[in-house]
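Notes for the one structure printed next.
Read-outs: derived from the displayed coordinates by stated rules, not from any lab. Remember, predicted model here, so these are calculated numbers, not experimental data. Quick reminder, even Gly has a Cβ in these numbers, built from the backbone with ideal geometry, and neighbours come from all protein chains shown.
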Amino acid sequence: MVSLSKIWETVKEKLVELSYIVLNYLRRLDPVDYVRAASILMACMNSKRELVMTILDFVAHKLGREVVSSITAA
């Protein structure tokens with residue numbers, strides 16, 4: 001049996017690592033990427049599918065590659 005406090009300690013350790021990874025990634029983005037992200041969220045507020053498709057397009061553009069998803073196959 002594991003106590004909830006022990007689980008929380010483990011989760012907190014992982015959150016610190018994850019925060020570092022995310023902040024390090026965000027530091028490398030161009031300001032244009034932040035503007036694009038805001039416009040994507042504002043344009044797609046009514047449809048989750050549209051939001052996902054727009055994000056996939058953005059990721060594909062940034063990677064310079066085609067992005068395949070089970071959503072795009074539908």
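Observations on the model:
- Selection count, the stretch 37-60, where residues are surrounded by 12 or more Cβ atoms within 10 Å (Cβ to Cβ) and in a loop (DSSP other than H, G, I, E, B): 1
- Exactly one residue among SER5, SER19 is surrounded by 10 or more Cβ atoms within 10 Å (Cβ to Cβ) and part of a helix (DSSP H, G or I), and that residue is SER19.
- Cβ pairs under 8 Å, 6+ apart, first in the stretch 21-42 and over 22 Å from MET53 (Cβ atoms), second part of a helix (DSSP H, G or I) and not hydroxyl-bearing (Ser, Thr, Tyr): none
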